[in-house]
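Encoded as structure tokens, the structure appears first; notes follow it.
What follows is calculated from the coordinates using simple rules that are stated; it is not laboratory data. Owing to the predicted nature of the structure, the values given are computational and were not obtained by experimental measurement. Reconstructed Cβ throughout: ideal geometry from the backbone, glycine too, with neighbour counts over all protein chains shown.
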Amino acid sequence: RGFCGSRGQPAPLPVPQKIVATWEAISLGRQPVPEYFNFAHDVLDVWSRLEEAGHRPPNPAFWWVNGTGAEVKWSFEELGKQSRKAANVLGGACGLQPGDRMMLVLPRIPEWWLVSVACMRTGAVMIPGVTQLTEKDLKYRLQASRAKSIITSDSIAPRVDAISAECPSLQTKLLVSESSRPGWLNFRELLREASTEHNCVRTKSQDPLAIYFTSGTTGAPKMVEHSQSSYGLGFVASGRRWVALTESDIFWNTTDTGWVKAAWTLFSAWPNGSCIFVHELPQVDAKVILNTLSTFPITTLCCVPTIFRLLVQEDLTRYQFQSLRHCLTGGEALNPDVREKWKRQTGVELYEGYGQSETVVICANPKGMKIKSGSMGKASPPYDVQIVDDEGNVLPPGEEGNVAVRIRPTRPFCFFNCYLDNPEKTAASEQGDFYITGDRARMDKDGYFWFMGRNDDVINSSSYRIGPVEVESALAEHPAVLESAVVSSPDAIRGEVVKAFVVLTPAYSSHDPEALTRELQEHVKSVTAPYKYPRKVAFVSELPKTVSGKIQRSKLRSQEWGK
Ligand code: ATP
Ligand code: MG
């Protein structure tokens, strides 16, 4: 295998690393994207052959548990076999042709990963959705996307039945269940009978792979279309550098299957030959997460900040994490206090990344890079990330502005195609040479980015601009605060003032609210610039959140302004 170099030549890379290096070079924009690319054929089937030839540790490629004893472990070969069967179900009973769209609304069960890969093999475009979608949400998504097929489970099927008559494009409904349901095809039965022989379609790199509905944190969810290569190759480098994955790693991302982070995991882990670990997690429960980390040899963990906020409330010293060596977070701002508590108690650093459904990782703290607490890291190659003003002019370090990614003269390949059927939104997201993320931040002279908030969340009080995250992070340092959301509130003199909605930790839940309000105000004044302190404080039992766990400040703001 040529591990040893000779006569001063560098040692040639072992086969798997050579392949990963090629994918990584494309991911970093150092090599052109091939004209044809199909993740199942060009990545998964290659790992299957490497595995067979003994070039990979005996790690599973996929490892699923449900917490009550059931377990599924697939090698790349088994994943290949099962997904070819699933592709025959999609192409056969469902009649899906390349380019047809399929909605996947499944809990964290192995079928989600199978059907995702089967979509790649058949050229069907996958549209993941979260299981909390209501009838109205499902109708909106099925109508907007004109999906021809949907796959879901028992608990969601009645919601689909209630609206499917109003979705004329929907032709087949697939159920993942042990029982049958009128009007539905039974996926597990069909899978059992399906052939393992399947010819993967030849997709062009630019062909569509997936449509993601954004979280809808700020309005109606938009349809973000990705190509075969934008996600399929776009995550290799960040998977290697930020997630720090190799073929011996076992990566657990607790995310719901309907959110982009499930795809981020898939497209980071499998090109790097790593194992994807999944716990069904019917409810997100801190103790279940901590016990799982203690029981299984998980090396790498990714959770949204909301979950880390819960985990650090537990006595972490009571747990022994067998193999954990690398932790990540993203999707929302990480409060420095949460990072410090996690690190202090587990000894493992927490590396934050920042990105959107529209992109791959925009900014990150790659493993080993010096972390500046509170910063979301540096621009992630191949993106050229800048802070720009409202005309698209690049601003100097230290100035607040729009987080923007350069798309001219060359649009990065690891980027969404467009907001589907919405040229106005697509056009509105561009300014001069840049794509405008809709987030506000500063970049310091060392190239680190400091998130202020979503454009609409930034508070303007007596001409002071205040980012909610900074105030929330200051509040998080007080032992009374489990979590908080900071928004603007109307004020006759100042126009708007800072208001904090605070969820208390159990130890403080019966404290006198007035005294606690004063204490929290003094605390914020003492740890950050005093003008940022919340002039209004409300104690609440929970914060409005998207199903992916993000705080919906816009809901609280509308409430405040009586909209
Ligand atoms: P919509 O566009 O419909 O409002 P959304 O923006 O919440 O939904 P996503 O694409 O899932 O949907 O989320 C991307 C957004 O999440 C980013 O634009 C940013 O506001 C936020 N985000 C992601 N990572 C971070 C981070 N590390 N720090 C702060 N915010 C983050
Ligand atoms: Mg967005």
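One table, with the values for the structure above:
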item: Separation between Cα centres of the stretch 16-70 and the stretch 155-172, rounded to whole Å; result: 35 Å
item: Ranked E472, E391, E519, criterion: other C-beta atoms within 10 Å, fewest first; result: E391, E519, E472
item: Long-range amide H partners of T329 with built H, under 5 Å; result: Y351, E352, G353
item: Viscosity 1.567 mPa s, temperature 4 °C, Stokes-Einstein D of the chain from Kirkwood C-alpha radius, µm²/s; result: 52 µm²/s
item: R518-E400 pseudo-label distance in nm [points 7 Å out on the Cα-to-Cβ vector]; result: 3.0 nm
item: Eligible aspartates and glutamates near K287 by straight Cα distance, threshold 17 Å, same-chain separation 8 or greater; result: E314, D315
item: Global size of the stretch 316-419 as Cα Rg and Dmax, reported in angstrom; result: 16.5, 54
item: Pairs of Cα atoms farther than 18 Å apart, the stretch 509-563, %; result: 51 percent
item: Kirkwood hydrodynamic radius of the stretch 206-298, Cα pairs, Å; result: 14.6 Å
item: Relative contact order %, the stretch 240-317, counting alpha carbon pairs below 8 Å whose residues are six or more apart; result: 37 percent
item: Tail weight of P(r) past 18 Å, computed on alpha-carbon pairs of the stretch 374-510, percent; result: 64 percent
item: Note, ³J(HN,Hα) from phi for the stretch 192-209, Karplus 6.51, -1.76, 1.60, rounded to Hz, x at Gly and Pro; result: 4, 8, 6, 6, 8, 8, 7, 8, 4, 5, 8, 9, 7, 4, 7, 4, x, 10
item: Violating pairs (Cα-Cα greater than 18 angstrom) within the set K136/K550; K445/K532; K18/K367; K261/K370; K370/K445; K499/K532; result: K136/K550; K445/K532; K18/K367; K261/K370
item: Calculated from backbone phi, Karplus (6.51, -1.76, 1.60) coupling profile of the stretch 123-128 in Hz, x at Gly/Pro; result: x, 6, 9, 8, 10, x
item: Rel. contact order, % - alpha carbon contacts under 8 angstrom, at least six apart, the stretch 254-372; result: 19 percent
item: Pairwise centroid distance, computed over Cα atoms, of the stretch 196-231 with the stretch 407-455, Å; result: 19 Å
item: R408-R146 FRET efficiency (beta carbon distance; Förster radius 25 Å; 0.05 resolution); result: 0.20
item: Vicinal HN-Hα couplings computed from phi for the stretch 334-341 (Karplus, 6.51 cos²θ - 1.76 cosθ + 1.60; Hz; Gly/Pro x); result: 8, 6, x, 4, 5, 4, 5, 5
item: The stretch 38-144: GluC sites (Glu not before Pro) in DSSP loop, at most 12 other beta carbons within 10 Å; result: none
item: Under 5 Å, built H, 5+ apart or other chain: amide partners of G453; result: R440
item: Along the chain, longest interval not containing exposed chymotrypsin sites (Phe, Trp or Tyr not before Pro), exposed being DSSP loop plus at most 13 other Cβ atoms within 10 Å; result: 4-560
